[in-house]
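Below is one structure; the comments refer to it alone.
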Amino acid sequence: MEFIVVSTLNGFVYGLLLFMVSAGLTLIFGMMGVVNFAHASLYMLGAYLSFTITRATNFWVGLLIAPLIVATVGIFIERFMLRRVHGFGHSQQLLLTFGIAFVVEEVVKVFWGNFPIAYRPPGFLSGAAFTIFGTNFPSYRVFVAVVAILLLGMLYLLLQKTRIGIIVRASVQRPAMVSALGHNVPLIFLGVFGVGAWMAGLAGAVGGALLTTSPTMAAEMSVIAFVVVVVGGLGSLLGAFISSLLIGLLTSFSVGFQVSLADLANVFGFGDAARRIGGLLTLDVASLSASLPALLMLIVLLTRPAGLMGDRN
Amino acid sequence: MTQAAIELAGLKKRFGDNEIIRGVDLAVREHERHALIGPNGAGKSTLFHLISGLYTPSAGDILLNGRSIGGLPPHLITRRGLSRSFQITTIFPRLSVQENLRIAAMSKHGRRYALFSLARNAKEVNRDTDQLMELVRLSHVRDKFAGDLTYSEQRALEIGMAMGPGADVILLDEPMAGMSREETHYMIDLIRNVTVGKTLLVVEHDMEVVFSLCDRISVLVYGELIATGRPDDIRSNARVQEAYLGEVVA
Amino acid sequence: MLRLITLALVGAVLIAAPLFLEPHSIGVLTTALIAALFAMAFNLLSGRAGMLSFGHAAYFAIGGFAVIHTMQAVESGAIWLPTPLVPLMGGVAGLIGGLGAGFFATRRSGVYFSMVTLALAEMLHALAPNLGGFFGGEVGLTSMRMPWLAFDYGSENQVYFTVLAWTVFGIALLYAYNQTLFGRLTVGLRESERRISFLGYNAHHTKIIVFGVSAMFSGIAGGLLAFATESMNYSMLGMGMSASVVLHTFVGGSTVFLGPALGALIFALFGSLVSDLTKNWLLYQGILFVLIMMFMGDGLAMLWIRIVNECRSRNWDALRQRVLLLIPGLLITVGAITILEVTSKILDQQQYATSVARMNAWPPVSVFGVSWDPTSALTWLLPLVAILVGIGFVYLILARKMQQRTGTIIMSREPAR
Amino acid sequence: MKKFLLTTALTAMAAFGSSAAQAEQLKVAIIESFSGPTAQTAIPFVEGMRYGFSKLNAQGGFNGEPIAVVEYDALNQPAAASEKLKSAIAEGARIVFTSTNSAVAAQLSEDIRKYNLRNKGKEILLMMAGSEAFELVAEKCNFWAFKTASNPFIRIKALVAAMKDTGKLGSKVYSINQNYSYGVDHERAQAASVAAAGSKIVGSTLHDVSKIQDFSPYIASIKASGADTVLSGNWGNDIILFMRALGDSGIKVNVGNTSLDTTGAVSAMGEAALGALLVKLYNLEAGGEAGKAFAEDFKSAIGHYPYNEEPTGVFSTLLLGAALKAVSKPNAKVDTLQIALALEDASYETPAGSWSIRKDDHQVILPVTVSEISKDARYKVDGTDMGFKLLKIVSPEDSAVPADPKCKMQRP
């Protein structure tokens, strides 16, 4: 019981953080057909910038300013880089963002060094929010969850209740049609890219202090964010939300299961034979927890290729 | 009476709750030129996609020369002898005209996994490619990229590629879409030429084309066939008049 | 004709290389050749068949591991195989691995395909450390090349010529592949998979075979690396290896047959030379890639072809413009590198910060053999001015070009998803 | 980043210019990852080596000539390291140093073994200062390679012994490690040592290396097991994140680890790290006055205290120095076989105790220190008010583990 409650809480917080990063990724894909390899790099920039600003001023200023700078960077990337190669097709854009991700990682290494930096929650958030089964649940985790939920609410209102939201949702479905109706689609693209980058920056600013801020955080987040988006269905926000939580919980629960295929074989009386074969059969689920999201993605791709909530391939 | 080349029996297609094709029965006779007309949204393209294998039928069956092809994937249907063109030009834009047609012609000779024969030594394939090129009158642009051709040349290539696999039954999806009057006449002539001795099923909006090219016409309205017959019968059919109220009837 | 002469010249240089290069440069050239074959194999899939794989390191590494196991078996006398034929086993393993992975990956197209390949490679990478028996754990697997006939395979040159022969053979086979009927069909896949299946081809099977062939040649390349270094390590499965082959291929140009090989040679030599000069070499490599993607999307090989064509058609205007562009290009490069290097040296926490703390001053740093005082405004202004002037020049030159022509399409737009 | 050392190389080149003909200069190559993710661990080792060689050259170098040291970037890839080795050999290097990356060390060791087989009389010697993988002295042991680093078995044996002595080893131990050969060795070592100390392993887990973002699920699982002590061989982010998640949870357990001293780690962990135990090869508080003198001298030469792995670099170099001294003859040729044989008999007295090489597997036999992260430490690290307070020095005899029977060394 204790394990279930604690794992659920942790998985939930991690899942919400994942959603903050993948929401922008999936929106941008939905509208522009671009899988932005550099999206997780924006998340990393958010963490590093917020760390530096926090040092000079305080945590709240960092939380406010860093995502705005990241949004500016995102807008620059869209306006002056991606749009330049727009005519050459999606794979050219994919490759370009791939290159940008590569460059951002190296730039971070130049400015902040090739090791994790000491970005930690501010003092007033470092205590325990509540105690559950004798384990402290840190206030910072609660804070991250609150930020993510606020963001989610804001995004929902923006997309469902405003005119801009309607146009954006329409652009995701039928970009050409929206353009034909006289809306400035490039401007909408720019806006969505900016908002997506802002969310990634915000996720970095809060997530960097929760997890680690290091030059490899982008690459690690990148793979998971892709998994979230693919599992949820490319272009589907609701799908991204569900799969973020799913993957958060999956990661959080899987480490508690020290069961291997060999143990499973034991039930049928082949345990010893399986252990003799060794290799894959004797690995337990807990030790594979980081590859489980990728496995989930493969299963989803092969059984429900459009993703949980996707409506097109 | 000759055998039916294509026979649709109680064919239905649903998307969710939406029934697009609502029980179509149709027999296209061997060696006839048959047109499928109908107002926008009648389900003509869906019917084509069903026959050519892009969609699987929800109910009913499709027979090609008496054998069922309902639910087969497109490549198997093509191998059974039915080949189609697309409304939106689907050629290989960054390959030359000759390469485009050669890929189409290779299929006729079953050279599908020819990993060990050089393209320039494949005599039969190359001969067929040249013939196709003559047939659709594109020999003068054989080395041009397909993407660089004029629109009407691309449409001709589109038809040429549909002819490539050597199928006896040809489906053409709006071959005249977006063409000028002059180009249309040229294309009617071309289609007539290339489909000599074949069965043709064509979706077309241009009634002039339909009436001058085809032996028989079927009218599809809201997923149901309301009439099939010779051009004159269709012209005078009351239900067709009604369906086309406000639309062009030549 | 010109093409044949160029090829003959390159061939002659490669064959004669051991005469004028030191042994360790031959080693660099050996790895460059392997990277070239890998990029060519990768491009069969990504460039010709239009399936962009982000996990091709998997097949490269599978080939490598197969070869190292074969070499161990030959060394222990368990099997007999002439040493120069050992890399063949990499091809066999790559083919098997590629057909298996290809079966899954090619069920999807476009972006999905890229993601599946990425996930497959990441899974193998995550699993490899757990499967010490096959992948050898952290320290990897090693073996030794056995002598064969008159060759002991102990010298750099013998290894080099073996690798050269395999690379040339591999590239020649890939060229021949492109000339076959199936090779022509492969390009059709890139252009329109839908049309391919409506022409009577089983697109899925066709894609699996292309994937398999690409993985086979990748496996040979991986096998050559195992052969040349006599070792293999699971780090070869990492994202870095998959990324570098993407970089190589598209910097060289995926639309020209030898483009990927050119890109691989350039980057392999760049890495080897520049990594000795600055620790920021990866950054420069990345910037170079981004610039090429932005300004000459079809790569350096295509640039070369354009220049040759301009020479042939005596298009002096275009050529003059290219030469003119070199000057601001150089200005921008020098300016940017200076700023980056000075910055990176100052921010180098291990080295510079400690000396700042010790001397309580900001000592000058040396870049390009010139010493730059970080506290002087000139240090920052000079390169900045160089960059701005350069950019200004580029605009001037290009503004004239824009007037002359209304812009031509370099690469036709890809068909929609 | 092939950088000539300012002090050593300049004098060496000057010497090379003036009196080249008589003696053969000893050239040493440091092949290490200066770029890539392990650079942060590599640089302290290299600083230690730089300091060590400047000492050796100040004492007269080798064969009457200064020792020349050249650094090569291994790019954190075995294949690149192999290429750099070729460069180094072509430029005349006879002794090669490497540290952090065990895969690179294994590659170099194999390459050198083969090179030496093929080039009799021109053999190369390898010093592995910091490559912890146990295989290097087991299956992969090699006469030409000397391992001046510990391994999981040595470290954990010392750690558990010290924890037991100081009452910090509880009765229920949880073992968490990275899922690859190094982590698996740690798991085995922990199981053996804990059993020998009379405690019980109540849970044991292996997780993917550098991929876990959130360790709190593992903490939940530790709590569920009821463990009062956690042993871990994790390094890099994997230990930082683990310690933070542990601190956040408020669970009180003793922690023993091997890599808490990585640059930036203490500041990244913050107060959560307090009380954790670190087993490492050297602690600055060791050795009384001699230790203090060493720390100060290092600081004046390099610019900071050798908090981290610098001492390993220094002592490895000076252990080699002891062997060089034994065979140094003015104007003689460089004979690496002689140096290797001398190294087998050499020993070096560090402020914490003596370092020497075991002939059977070329594993260094050395003292090991166990420290606690505390605000009472004499030397603070990472700009925090915390540091590593020396708890215990485990003598070379007590930390040593027997040579592995899989090591079948072929002597020339």
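The values are calculated or read from the model by the stated rules, or taken from the named source; none is laboratory data. Quick caveat, the model's predicted, so the values are computed rather than measured. Methodologically, a virtual Cβ is constructed for each residue, glycine included, from the backbone with ideal geometry; neighbour enumeration extends over all protein chains shown. For accessibility, only protein heavy atoms count, side chains too; no ligands or nucleic acids. Shrake-Rupley method; radii C 1.70, N 1.55, O 1.52, S 1.80 Å.
Listed here are the strands (runs of 3 or more DSSP E) enclosed by segment D:341-412 that have at least 2 residues being open to solvent by 30 Å² or more (accessible area, probe 1.4 Å) and assigned by TED's automatic domain parsing to the domain that holds D:Val327: D:347-350, D:353-357.
A single member of C:Gly240, C:Gly263 is within 30 Å of A:Glu78 (Cβ to Cβ), in a helix (DSSP H, G or I) and open to solvent by 10 Å² or more (accessible area, probe 1.4 Å), and it is C:Gly240.
Of the residues making up segment C:105-157, just one is of a type in the set (S, T, N, Q), more than 24 Å from the chain's Cα centre (by Cα) and over 30 Å from D:Phe134 (Cβ atoms), namely C:Ser155. Test D:Ala352 against the stated conditions and say whether it is small (Gly, Ala, Ser) and in contact with a Pro (Cβ under 8 Å, 6 or more places away or on another chain). So D:Ala352 fits the description; yes. Residue pairs whose Cβ atoms lie under 9 Å apart, separated by 6 or more positions or on different chains, with the first residue in segment D:160-173 and touching a residue at least 12 places away in the same chain (Cβ under 8 Å) and the second open to solvent by 50 Å² or more (accessible area, probe 1.4 Å) and of a type in the set (Val, Ile, Thr), are D:Ala162/D:Ile393; D:Lys172/D:Ile201; D:Val173/D:Ile201.
Apart from one condition, C:Ile337 fits all of (1) crowded, with 17+ Cβ neighbours inside 10 Å; (2) under 26 Å from A:Leu94 (Cβ atoms); (3) modelled with pLDDT of 85 or more; the exception is (2).
Give me the pairs: first residue in segment D:119-140 and more than 16 Å from D:Gln338 (Cα to Cα), second residue in a strand (DSSP E or B) and of a type in the set (Val, Ile, Thr), beta-carbon distance under 7 Å, and six or more apart or on different chains, which are they? Once the first residue is more than 16 Å from D:Gln338 (Cα to Cα) and sits in segment D:119-140, its partners that are in a strand (DSSP E or B) and of a type in the set (Val, Ile, Thr) give D:Met128/D:Thr98; D:Ser131/D:Thr98. For segment A:14-40, the set of residues classified as out of contact with any Phe, Trp or Tyr (no Cβ under 8 Å at 6 or more places or on another chain), within 14 Å of chain D (Cβ to nearest Cβ) and aliphatic (A, V, I, L, M) consists of A:Leu16, A:Leu17, A:Leu18, A:Met20, A:Ala40, listed by residue number. Comparison of A:Phe124, A:Phe115, A:Phe37 shows that the only residue that is assigned to a helix (DSSP H, G or I) and either at pLDDT below 90 or within 29 Å of A:Gly235 (Cα to Cα) (or both) is A:Phe124. Of the residues making up segment D:73-103, those that are touching a strand residue (DSSP E or B) at 6+ places or on another chain (Cβ under 7 Å), within 10 Å of D:Ser33 (Cβ to Cβ) and facing chain C (nearest Cβ under 9 Å) number 0.
Summed over segment B:110-140, the residues that are surrounded by 15 or more Cβ atoms within 10 Å (Cβ to Cβ) and more than 9 Å from chain C (Cβ to nearest Cβ) give a count of 10.
Of the set (1) surrounded by fewer than 24 Cβ atoms within 10 Å (Cβ to Cβ); (2) in contact with a strand residue (DSSP E or B) (Cβ under 8 Å, 6 or more places away or on another chain); (3) of a type in the set (Gly, Ala, Ser), all apply to D:Ala158 but (1). Of the residues making up segment D:169-200, those that are outside any helix (DSSP H, G or I), surrounded by fewer than 20 Cβ atoms within 10 Å (Cβ to Cβ) and not small (Gly, Ala, Ser) number 2. Residue pairs whose Cβ atoms lie under 8 Å apart, separated by 6 or more positions or on different chains, with the first residue in segment A:49-76 and more than 11 Å from A:Gly204 (Cβ to Cβ) and the second exposed (fewer than 14 other Cβ atoms within 10 Å of the Cβ), are A:Ile53/A:Val61; A:Thr54/A:Val61. As for segment A:190-210, it holds at least one residue that is touching a Lys or Arg at 6+ places or on another chain (Cβ under 6 Å) and under 30 Å from D:Met269 (Cβ atoms).
Taking segment B:186-250 as the region of interest, the helices (runs of 4 or more DSSP H) fully inside it that hold 3 or more residues being in contact (Cβ under 8 Å) with a residue 60 or more places away in the chain are B:207-213.
Here C:Val139 does not qualify as β-branched (Val, Ile, Thr), at pLDDT 85 or above and either assigned by TED's automatic domain parsing to the domain that holds C:His24 or touching a Leu at 6+ places or on another chain (Cβ under 9 Å) (or both).
Of all the residues in segment B:68-80, those that are closer than 18 Å to B:Asp173 by Cβ and more than 7 Å from chain C (Cβ to nearest Cβ) number 2. The conditions of being assigned to a helix (DSSP H, G or I) and in contact (Cβ under 8 Å) with a residue 24 or more places away in the chain are not met by D:Leu284. The residues of segment D:167-211 that are among the basic types (Lys, Arg) and over 29 Å from C:Ser235 (Cβ atoms), listed by number, are D:Lys168, D:Lys172, D:Lys200. The set of residues in segment D:131-143 being touching a Ser or Thr at 6+ places or on another chain (Cβ under 9 Å) and surrounded by fewer than 24 Cβ atoms within 10 Å (Cβ to Cβ) consists of D:Lys140, D:Cys141, D:Asn142.
The residues listed here are A:Leu202, A:Leu211, A:Leu234, A:Leu152; of these, the one that is buried (at least 22 other Cβ atoms within 10 Å of the Cβ) and under 30 Å from A:Glu2 (Cβ atoms) is A:Leu211. Of all residues in segment D:215-244, those satisfying the criterion of being among the charged types (D, E, K, R), more than 7 Å from chain A (Cβ to nearest Cβ) and either over 25 Å from D:Thr38 (Cα atoms) or over 23 Å from the mean Cα position of the chain (by Cα) (or both) are D:Asp228, D:Arg244.
Only residues that are under 16 Å from A:Thr26 (Cβ atoms) and open to solvent by 40 Å² or more (accessible area, probe 1.4 Å) were counted in segment A:161-183, giving 3. Are any residues in segment C:129-149 more than 7 Å from every other protein chain (Cβ to nearest Cβ) and in a strand (DSSP E or B), and if so, which ones? Hits for segment C:129-149 are C:Leu141, C:Trp148.
In the condition set (1) crowded, with 20+ Cβ neighbours inside 10 Å; (2) at pLDDT 85 or above; (3) more than 30 Å from D:Thr263 (Cα to Cα), A:Phe80 is compliant with all but (1). Being under 11 Å from the mean Cα position of the chain (by Cα), open to solvent by 10 Å² or more (accessible area, probe 1.4 Å) and at pLDDT 85 or above is a property that A:Ile224 has.
Table: residues versus (1) aliphatic (A, V, I, L, M); (2) surrounded by fewer than 20 Cβ atoms within 10 Å (Cβ to Cβ); (3) more than 22 Å from the chain's Cα centre (by Cα); (4) not in a helix (DSSP H, G or I).
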{"residue": "C:Thr167", "(1), (2), (3), (4)": "no, no, no, no"}
{"residue": "C:Ile171", "(1), (2), (3), (4)": "yes, no, no, no"}
{"residue": "C:Tyr177", "(1), (2), (3), (4)": "no, yes, no, no"}
{"residue": "C:Ile196", "(1), (2), (3), (4)": "yes, no, yes, no"}
{"residue": "C:Tyr201", "(1), (2), (3), (4)": "no, no, yes, yes"}
{"residue": "C:His204", "(1), (2), (3), (4)": "no, yes, yes, no"}
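For A:Met44, the conditions (1) farther than 16 Å from A:Ala203 by Cα; (2) more than 9 Å from chain C (Cβ to nearest Cβ) all hold with the exception of (1).
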